[in-house]
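See below for the structure under consideration.
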Amino acid sequence: MTAPGGRAVSAPLLGHGEEPTVFELSAPGRRAASFRTTGVPEWSAEELIPADELRSEPPALAEVSERDLVAHMTRLSHRQYSVDLGAYPLGSCTMKYNPKVCDEAAALEGFANVHPATPASHAQGWLELLWGLAHALCEVTGMGRATLQPPAGAAGELTGLLIMRAWHQAQGRSPGKVLIPDSAHGTNPASVSLAGYQTVSVESDERGLVSPDVLRKYLDGDVAGMMLTNPNTLGLFEERIVEVGRLVHDAGGLLYYDGANLNAIMGITKPAVMGFDIVHLNLHKTFAVPHGGGGPGAGPVAVTTELSEFLPGPLVARADDGTFYWEQPARSIGRTHGWHGNALALVRAWAYILSNGSEGLRQVSEAAVLNANWLLSRLRGTYAVPYGSPPMHETVVSTKDAPGTNGQLRALDVAKRLLEKGFHAPTVYFPLVVAEALMIEPTETESPETIAALADALLEIAREGAEVAALAPTTTPVGRVDEARAARRLVLTWDAARAEGPGVSAPA
Amino acid sequence: MAPYVPHTAQDVARMLADLGLVSTEDLFSCVPPALRLAGGLDLPQGLPEPDVAAEMARLASANRAATELVCFAGGGSYDHDVPAVTRALAGRSEFVTSYTPYQPEVAQGVLQVLFEYQTLVSRLAGLPVANASVYDGATALVEAVNMATAATGRRALWVSEGVNPRWREVLATLTAGQALAVVEVPLIDGITRWEGVAGGAEGQSHEGPPAAVVVASPNYLGCIDPLGAARAAATEAGALLIAAFDPVASGLLRSAGQQGADVAVAEGQPFGSRLAFGGPYLGMMAATQAHVRRLPGRLVGQTVDRSGRSAYVTTLRAREQDIRREKASSNICTNQTLVAVTAMVQLAWLGTTGLRELALRCARGARYLRQGMLALPGVKPLVGAPMVREFAVALPVAIDLVVERMADEGFLAGLPVEAGGQEGLLVAVTEKRTKAEMDAYLESLGKVLS
Ligand SMILES: Cc1ncc(COP(=O)(O)O)c(C=O)c1O
């Protein structure tokens with residue numbers, strides 16, 4: 001266990017100097033751009049555009065040579081942690097390894113260089129892929145039909161809730177509220193509000209689960225539905241999900257599945273089997289689409305056959321002769337994206353599904369759950385486990401009562417100290433129901449050696465104590481960042497920084 | 001084992017033994033037996049990597065890429081040249097495989113790029129603040145509208161019919177739960193007719209005054225739609241002015257901010273992103289200082305670290321869904337950071353003079369092709385207002401048929417559009433189109449129309 005692949009402590013992050021902005025690297029007149037020879041007549045701007053619409057000078061951009069631009073971006077990339085560098089155990093975010101074959105597929109000219117308005121007869125490969133992916137996602141979730149338009153999980157949530165709304169309206173009902181557990185991700189209540197519903201938060205029971213007895217208190221004719229993820233954000237399986245679903249359905253509501261945690265259950269169970277009606281998936285979590293520093297992702301929505309007429313259109317259908325065409329669902333809520341969604345992310349997800357296949361997807365979930373359990377077994381005794389049941393693919397512990405730390409060890413400090421030990425930090429302070437929470441998701445792509453080293457590092461931090469952790473990090477490109485100052489003296493552009501004058505670099 | 005799971009059979013056995021379990025089944029004892037799948041998933045078996053690559057290549061080759069179907073279609077998606085350096089830098093795995101910069105000490109790379117990106121977007125829009133991206137141009141418009149309804153407490157909107165019709169559809173879909181009253185304001189010969197929307201129109205009295213006046217310039221028909229009139233309408237109604245702009249044309253045209261926009265939105269795809277069948281693209285947003293706290297999604301700010309070194313961090317976080325939850329004005333979490341990184345590189349590569357040259361080259365090509373098309377029998381301008389790099393023409397033959405026939409000739413001829421009840425073809429020209437390609441297009445179109 002001496003050479004864990006996912007530990008990045010040897011990363012050659014060079015020096016501790018500041019990287020100038022691209023604007024500071026600029027020199028008047030310098031430029032990298034070059035344009036193709038076209039033979040088009042060289043009319044002047046004045047000949048082409050009415051004088052009163054023309055700007056007197058172009059907007060100032062950077063002025064750099066290609067060489068300097070490459071150096072700038074490469075130096076910045078050396079100041080950035082990534083999955084390719086090492087383990088990234090951010091709970092809920094599912095930072096698994098992103099296979100390179102998927103990148104190559106997305107770069108193929110036949111995908112990357114196709115205009116979205118290309119007639120279906122000339123884009124049969126695209127339509128076949130979208131059709132195949134939608135079907136596979138329906139198979140994994142047990143749903144009837146899927147839209148691939150939503151560009152991220154939150155967009156999927158809003159889409160799903162608007163389908164819920166349209167379904168109620170079609171029945172002449174207009175209930176006003178949606179239930180979510182208190183452990184839910186912030187996008188859930190935010191989406192509920194945007195869909196025109198009121199959020200009602202349902203408290204978790206002492207086991208960290210939704211209890212039918214608690215739920216009953218909240219159910220009445222005004223409930224449009226309930227949003228849940230299963231396993232939930234504590235990494236625990238909602239064992240009484242069938243009963244929960246029945247109660248919600250009996251009250252006239254629909255059950256919405258936040259698919260952020262589907263990576264724990266592929267091939268084990270399905271949202272449809274648990275009673276869900278609407279599902280969004282985060283292809284950038286479960287299906288290994290890279291996160292790109294914060295996006296793009298993809299958040300397809302799959303629904304039961306009964307609800308499929310409300311899906312955003314157009315959807316791909318297959319004709320008897322095997323050709324594919326666009327069709328509009330009968331009572332579609334309308335488009336939720338300017339074109340067909342984050343299409344190249346969909347290509348990556350399809351390549352990932354082809355690679356894994358039926359068995360492979362189940363093994364992905366099994367290994368994810370195995371890793372989380374094995375990690376937790378090593379942390380128990382040092383980090384408090386607020387809820388007793390064994391976790392699924394991720395686990396939430398608290399730093400608060402670590403032995404010998406007098407209740408002083410803070411999750412934030414543990415996170416910063418872990419950076420010095422060569423690992424990215426887990427998610428901290430989420431879910432909100434656990435004090436000083438560390439939410440750790442090792443994912444299936446980390447080896448047991450890496451998991452053991454991560455556990456050792458976390459145990460070591462608790463032994464070193466709160467004071468040591470509070471000083472971290474010092475080995476990173478910058479030390480602890482002053483977030484309060486950023487909000488107080490709002491500097492969102494280089495122009496604002498310049499207006500503030502020098503002194504940004506001087507000790508405060 | 002699955003291809004990207006490193007565990008050996010011995011690893012699994014040892015880990016299970018450590019946990020006191022016998023088989024992987026035992027890991028799922030919390031899943032009630034009634035919910036467990038009896039068989040496996042009904043999907044094919046996994047393929048070795050070369051077979052995956054071959055299958056993806058088969059699918060890709062079943063599409064006619066813009067190399068075979070020379071692209072004269074736009075409508076929010078443009079076939080620009082992407083230099084090798086943009087692909088190489090934006091493809092670096094440090095950017096591709098990182099997450100949202102929640103730990104700024106190890107995310108200075110992405111954070112600084114986003115800070116530089118925000119600066120560039122702010123300069124293009126002519127407005128002081130910009131965010132770190134939303135999903136695409138369409139959802140940028142929706143977010144801007146949500147800013148305006150929050151700022152004014154009003155529920156009506158005046159939206160020019162020059163705004164991309166797909167964006168207007170997304171706006172209608174995503175605000176269906178908010179009971180907005182959208183008044184669509186018509187174009188006359190390519191330019192929005194704001195007169196009469198206020199005062200007289202019967203719709204107005206029960207819609208109430210608008211939260212925002214929404215206009216696009218250049219608009220969907222390619223016409224420069226003077227923002228002055230829209231600004232005047234907004235000011236008179238006490239509404240925000242939301243302007244959708246073409247970021248390429250901003251190399252030549254006066255900026256949205258200069259013309260009084262409160263919020264400016266754009267589709268950022270032209271800066272380094274491929275056509276990609278419509279995504280991932282880039283929603284650009286900029287605003288006046290007064291609206292900074294209502295901007296959705298991430299904002300990167302400059303600050304210092306403990307020892308006073310310059311550092312970057314996401315800021316005004318209390319606006320966002322993870323903190324404000326049901327009171328957040330936007331639900332965005334995952335955004336389009338990598339596409340913003342791409343745009344930052346492309347804009348730095350273009351530089352100040354390069355952006356202007358890019359816009360000029362597009363406009364020259366559009367002028368050349370438009371003149372050629374109008375010289376063909378039966379081809380007429382669909383609208384007369386001045387254009388930059390995209391234009392609409394009326395044809396003597398059904399548009400869908402022309403598009404199909406031109407595809408046989410090796411061209412994606414354009415997009416069907418409608419203006420004033422008349423059908424037309426919307427044609428876009430980028431710096432990538434040569435005179436030879438345009439001459440060939442004109443020859444084919446001549447054949448198709450005759
Ligand atoms: C549990 C949960 N739900 C929803 C989301 C929102 O997904 P996205 O970030 O793709 O919008 C996330 C991801 O951050 C999540 O972890």
(message) Give me a comma-separated list of calculated 3J(HN,Hα) values for the range A:56-64, in order, Karplus coefficients 6.51, -1.76, 1.60 applied at θ = phi - 60°, integers in Hz, x for any Gly or Pro.
(response) 6, 9, x, x, 6, 10, 6, 10, 9
(message) Contact order normalised by length for the range B:68-158, with contacts defined as Cα pairs under 8 Å and 6 or more residues apart; what percent is it?
(response) 11 percent
(request) When a/c is below 1.5 the answer is rounded, else prolate if a/b is larger than b/c, else oblate, so apply that to chain A with a ≥ b ≥ c taken from the square roots of the Cα gyration tensor eigenvalues. (result) oblate
(message) Mean-square fluctuation check for chain B, GNM, Cα pairs under 10 Å: which of B:R92, B:R168, B:R389 is largest?
(response) B:R92
(request) Compute the long axis of helix B:49-61 from its Cα atoms, compare it with the longest principal axis of the Cα atoms of chain B, and write down the angle in degrees, 0 to 90, nearest 10. (result) 10 degrees
(request) Give me the accessible area buried between chains A and B, both sides summed, with a 1.4 Å probe, in Å² rounded to the nearest 100. (result) 17200 Å²
(message) What do you get for the angle between helix B:435-449 and the principal long axis of chain B? Use alpha-carbon atoms, 0 to 90 degrees, nearest ten.
(response) 70 degrees
(request) Express the relative contact order of the range B:362-411 as a whole percentage, based on alpha carbon pairs under 8 Å and six or more residues apart in sequence. (result) 34 percent
(request) Return the sequence-ordered ³J(HN,Hα) values of the range B:96-110 in whole Hz as given by the Karplus equation 6.51 cos²θ - 1.76 cosθ + 1.60 applied to θ = phi - 60°, using x for Gly and Pro. (result) 5, 10, 9, 9, 2, x, 6, 10, x, 5, 10, 9, 5, x, 5
(request) Using a/c under 1.5 as the rounded threshold, could you call the protein assembly as shown rounded, prolate or oblate? The axes a ≥ b ≥ c are square roots of the C-alpha gyration tensor eigenvalues, and prolate needs a/b larger than b/c, oblate otherwise. (result) prolate
(message) Contact order normalised by length for chain B, with contacts defined as Cα pairs under 8 Å and 6 or more residues apart; what percent is it?
(response) 21 percent
(message) Checking the table A:K96/A:K416; A:K217/A:K285; A:K177/A:K285; A:K217/A:K400 against a 23 Å threshold on Cα-Cα, which pairs fail?
(response) A:K217/A:K285; A:K177/A:K285; A:K217/A:K400
(request) With r as the distance between the Cβ atoms of A:E104 and B:T288 and R0 = 35 Å, compute the FRET efficiency 1/(1 + (r/R0)^6) and round to 0.05. (result) 0.20
(request) Grab the Cα-Cα distance for A:E243 and A:W43, subtract it from 0.36 nm times how many residues apart they are, and report the gain in nm with one decimal. (result) 64.8 nm
(request) For a label point 7 Å from the Cα of B:A88 along Cα→C-beta, name the residues of the range A:79-115 whose backbone N is under 17 Å from it. (result) none
(request) Provide the per residue accessible area, probe 1.4 Å, for the protein assembly as shown, rounded to a whole number of square angstrom. (result) 31 Å²
(message) What are the ³J(HN,Hα) couplings of the range A:396-405, residue after residue, when phi is run through the Karplus curve with 6.51, -1.76, 1.60 and θ = phi - 60°? Round to Hz, x for glycine and proline.
(response) 10, 10, 10, 8, 4, 9, 4, x, x, 10
(request) With a 1.4 Å probe and every protein chain left in place, tell me how much accessible area B:K435 has, in Å² to the nearest 10. (result) 70 Å²
(request) Return the whole-Å distance between the Cα centroid of the range A:291-336 and the Cα centroid of the range A:162-230. (result) 24 Å
(request) Let me have the 222 nm mean residue ellipticity of the protein assembly as shown computed from DSSP H runs of 4+ only, each contributing -39500 (n - 2.57), with the sum over all residues rounded to the nearest 500. (result) -11000 deg cm²/dmol
(request) Whole Å is fine, so just give me how far the alpha carbon centre of the range A:393-407 lies from that of the range A:73-146. (result) 36 Å
(message) Give me, ordered by chain and number, the residues 5 or more places off B:A311 or on other chains with an amide H under 5 Å from its own placed amide H.
(response) B:T303, B:V304, B:D305
(request) Can you grab the distance from the C-alpha centre of the range B:107-146 to the C-alpha centre of the range B:219-266, Å, no decimals? (result) 17 Å
(message) Could you give the length gained by full extension between A:S174 and A:D213, i.e. 0.36 nm per residue of separation minus their alpha carbon distance, to one decimal place?
(response) 11.5 nm
(message) Could you tell me which residue out of B:A428, B:L299, A:V385 lies farthest along the dipole of the protein assembly as shown toward its positive end? Charges go on the beta carbon: Lys and Arg +1, Asp and Glu -1, centred on the Cα centre.
(response) B:L299
(request) Take every DSSP beta bridge whose two residues both sit in the protein assembly as shown, then give the antiparallel share in percent to the nearest 5. (result) 55 percent
(request) Could you state how much accessible area B:M1 has, in square angstrom rounded to the nearest 10, with a 1.4 Å probe and all protein chains kept in place? (result) 110 Å²
(request) Work out the length of the dipole vector of the range A:11-78 about its Cα centre, built from +1 on the beta-carbon of each Lys and Arg and -1 on the beta-carbon of each Asp and Glu, and round it to the nearest 20 debye. (result) 420 debye
(request) Note the full-extension length gain between A:E359 and A:D250 as 0.36 nm times their separation in residues minus their Cα-Cα distance, in nm to one decimal. (result) 35.6 nm
(request) Pop out the carbon and sulfur fraction of the accessible area of the range A:364-486 as a percent, whole number, probe 1.4 Å. (result) 49 percent
(request) Would you mind checking which residues have amide H under 5 Å from B:V70's amide H? H placed 1.01 Å from N; only 5 or more apart, or other chain. (result) B:F411, B:L412
(request) Can you send over the carbon and sulfur percentage of the accessible area for the range A:100-355, probe radius 1.4 Å, protein chains only? (result) 48 percent
(message) Under 5 Å between amide hydrogens, which residues at least 5 positions from B:M387 or on another chain qualify, with H placed 1.01 Å from N in the peptide plane?
(response) B:I224
(message) What does the C-alpha gyration tensor say about the overall shape of the range B:190-307? Classify as rounded when a/c is under 1.5, otherwise prolate if a/b is larger than b/c, or oblate.
(response) oblate
(request) Taking 7 Å along the Cα-to-C-beta vector as the label spot, tell me the B:E49-B:S29 distance in nanometres, rounded to one decimal. (result) 3.9 nm
(request) Would you please give the FRET efficiency between A:E24 and A:A51, computed as 1/(1 + (r/R0)^6) with r the Cβ-Cβ distance and R0 = 60 Å, to the nearest 0.05? (result) 0.95
(request) Mind pulling the angle between the C-alpha long axis of helix B:165-174 and the longest principal axis of chain B? Nearest 10 degrees, somewhere in 0 to 90. (result) 50 degrees
(request) With +1 on each Lys and Arg Cβ and -1 on each Asp and Glu Cβ, and nothing else charged, work out how big the dipole of chain B is about its Cα centre, in Debye to the nearest 20. (result) 1280 debye
(request) Compute the distance in nm between two label points, each set 7 Å from the Cα along the Cα-to-Cβ direction, one at A:S65 and one at B:A394. (result) 5.6 nm
(message) Mean-square fluctuation check for chain B, GNM, Cα pairs under 10 Å: which of B:A385, B:A366, B:A343 is largest?
(response) B:A385
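The values are calculated or read from the model by the stated rules, or taken from the named source; none is laboratory data. Since we're looking at a predicted model, the values are computed, not measured. Here Cβ is always computed from backbone atoms with ideal geometry, including for glycine, and neighbour counts include all displayed protein chains. For accessibility, only protein heavy atoms count, side chains too; no ligands or nucleic acids. Shrake-Rupley method; radii C 1.70, N 1.55, O 1.52, S 1.80 Å.
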